[in-house]
Amino acid sequence: MSEFVDYLAELFEGFGAVRSRRMFGGYGLYHRDVMFALVSDDVLYLKADDALAELFETRGLPPFQYPKGDRIVALSYYEAPPELFDDPDAAATWARRAYAAAVAAKQRR
């Protein structure tokens, strides 16, 4: 387990229990068995729906991207806003938003 991922579990305590699982060289963060965030290279990305993605984009926060063959794939996870790391209440608010987006996406499938 990475120290950063351990720190995130503590940071999100105001949101609720968070567990992590290694995946593809990074980690998925789960709440109630729903993945609401991912960590890659010690960067936190939060799940977004269309409205939340627009908020991330207007703040200049990029989506998580990875190369696949000869193209770049962008997922609906966006880099977390910096203030989240300084304020546990902000962390809980952002986690709730990301979790709601993840639950809605799961229900659509």
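If each Cα of region 29-72 is one equal point scatterer, what is log10 of I(q)/I(0) from the Debye formula at q = 0.17, 0.27 Å⁻¹? Result of the Debye calculation: -0.60, -1.05. 3J(HN,Hα) couplings calculated from phi for region 96-109 with the Karplus curve 6.51 cos²θ - 1.76 cosθ + 1.60 (θ = phi - 60°) are, in sequence order, 4, 4, 5, 5, 4, 5, 5, 5, 4, 5, 5, 5, 5, 6 Hz; Gly and Pro show x. Our summary gives the chain a relative contact order of 27 percent, counting only alpha carbon pairs under 8 angstrom and 6 or more residues apart. On the chain, 48 percent of the accessible area sits on carbon and sulfur atoms, based on a 1.4 Å probe.
Charge dipole (Cα centre; +1 on Lys/Arg Cβ, -1 on Asp/Glu Cβ; no other charges) of the chain amounts to roughly 760 debye. In this structure, the amide hydrogen of residue 44, modeled 1.01 Å from its nitrogen in the peptide plane, lies closer than 5 angstrom to those of 80, counting only residues at least 5 positions away or on a different chain. Packing, taken as the mean count of other beta carbons within 10 Å per residue, orders the peptides 45-54, 94-103 from highest to lowest as 94-103, 45-54. Semi-axes of the equivalent ellipsoid of the chain are 20, 16, 15 Å, computed as sqrt(5λ) over the eigenvalues of the C-alpha gyration tensor in descending order.
Taken per residue, the accessible surface of region 1-100 reaches 58 Å², heavy atoms only and a 1.4 Å probe.
The values are calculated or read from the model by the stated rules, or taken from the named source; none is laboratory data. Everything numeric here is computed off the predicted structure, so don't read it as measured data. Methodologically, a virtual Cβ is constructed for each residue, glycine included, from the backbone with ideal geometry; neighbour enumeration extends over all protein chains shown. Just the protein is used for accessible areas: all its heavy atoms, side chains included, with ligands, DNA and RNA removed. Shrake-Rupley method; radii C 1.70, N 1.55, O 1.52, S 1.80 Å.
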